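Working notes, beginning with the structure itself.
The values are calculated or read from the model by the stated rules, or taken from the named source; none is laboratory data. Just so you know, these numbers come straight off a predicted model, no measurement behind them. So basically every Cβ, Gly included, is an ideal-geometry build from the backbone, and we count neighbours across all protein chains shown.
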Amino acid sequence: MQRKLKKTYKFAFKTASYITCFLTLLMGVFLYKFYTLDWVQIIYIAITCFISSFVIIQYRVEQFIYKRVKKVYDELTLLESSTLKKERITTDMATLTKEIDKFAKDRKLEIEMLKVREEYRKEFLGNVSHELKTPLFTVQGYILTLLDGAIKDKNVREKYLNNANKGVDRLIYIVRDLDMITKLEIGDLSLNIETFDIVELIKSVFELFEMKASKKHITLTFDVDYKEPIYVIADKERIQQVLTNLIVNSIKYGRQQGTTEVSIENLIKNKIIIRVTDNGEGIEEKHIPRLFERFYRVDKSGSRKEGGSGLGLAIVKHIIEAHDEKIYIESEFEVGSEFSFTLEKSE
């Protein structure tokens, strides 16, 4: 659909005025010097000169400039039909310049965003490839060893099959977490909102990982003795997953003889904030902005020995945001970390 041309007469009017002033002045001097100066003639000459100049200039501008202006608009429309408003094209140069400048800035910003996304995509694909490759090669190695004859030895057979099974479990763990985070990102994972006691839920998570914590002599504890229940409104299963990931991380990166402490505080009238604090390794400031990215690891080598899919904190963030709540992190390297998140409190 062709755009209508919104004409401007400013250029022709000003130019015709300049020409009229010049020619009228010139004719006035000429008549004064060689003939009798007649003001009626001067006014007639001025009007005639202005009208003729205006018509000629306007016509030439439309033929020479406006067609090129419209071509510019058409080219911009081909590049991005939604960039320009569905209005008549302005041929005013100042307005046109502003629109082209805005178009250029928008495209530059879009290109920068695409570059960032492309880098993120490459890094993400590289991380996925690495995370899947490690257990796949492990499983393949054990199976090939068994096929080469080790299957005849009962002890070796059982050991290698168990190790291969662990590798398959890790693959399932990664794929399951990837599926969950994808559903969370596209809003395809529904939440089962209910009222429950958050104190009781934290205690159950402590019990689940008490043995894991004891291996590193880490104490799982509350900041105070919560004798009364604290009821919140959320998806109990998902919040348990959040607490599990945060507490497992605090154990994983905690110090020997360390502590993981959970506190519950009133934030505002209908909100509470839950803090998971440890005195472990801590996180350097440069890593904090990227901590919730998928597969992002602070320690590129050591953390893989601890297992996990590398998606834990990304899942935590998406679960909390799916509840329309906030998650925060404060950390000091070699001092410890604190992850905290808000929940709606039941009345």
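This table checks each residue for (1) small (G, A, S); (2) in a helix (DSSP H, G or I); (3) over 23 Å from the mean Cα position of the chain (by Cα).
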site: R107; (1), (2), (3): no, yes, no
site: I111; (1), (2), (3): no, yes, no
site: K166; (1), (2), (3): no, yes, yes
site: D169; (1), (2), (3): no, yes, yes
site: E185; (1), (2), (3): no, yes, no
site: L189; (1), (2), (3): no, no, no
site: E200; (1), (2), (3): no, yes, yes
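I need a count of the residues in segment 151-196 that are in contact (Cβ under 8 Å) with a residue 60 or more places away in the chain and among the β-branched types (V, I, T). So the count comes out to 3. With respect to (1) assigned to a helix (DSSP H, G or I); (2) without any contact (Cβ under 8 Å) to a residue 12 or more places away in the chain, the lone exception for I247 is condition (2).
Within segment 202-237, the set of residues being among the β-branched types (V, I, T) and more than 35 Å from the chain's Cα centre (by Cα) comprises I218, T219, T221, V224. Selection of segment 2-23 for residues being of a type outside the set (D, E, K, R) and at pLDDT 80 or above yields F13, T15, A16, S17, Y18, I19, T20, C21, F22, L23.
Take L208 and tell me if it is surrounded by 12 or more Cβ atoms within 10 Å (Cβ to Cβ), in the same structural domain as V316 (by TED's automatic domain parsing) and without any contact (Cβ under 8 Å) to a residue 40 or more places away in the chain. Yes; evaluated as a whole, the condition is true for this residue.
Being modelled with pLDDT under 80 and assigned to a loop (DSSP other than H, G, I, E, B), is that true of even one residue in segment 326-346? So far as segment 326-346 goes, no, none of its residues is modelled with pLDDT under 80 and assigned to a loop (DSSP other than H, G, I, E, B).
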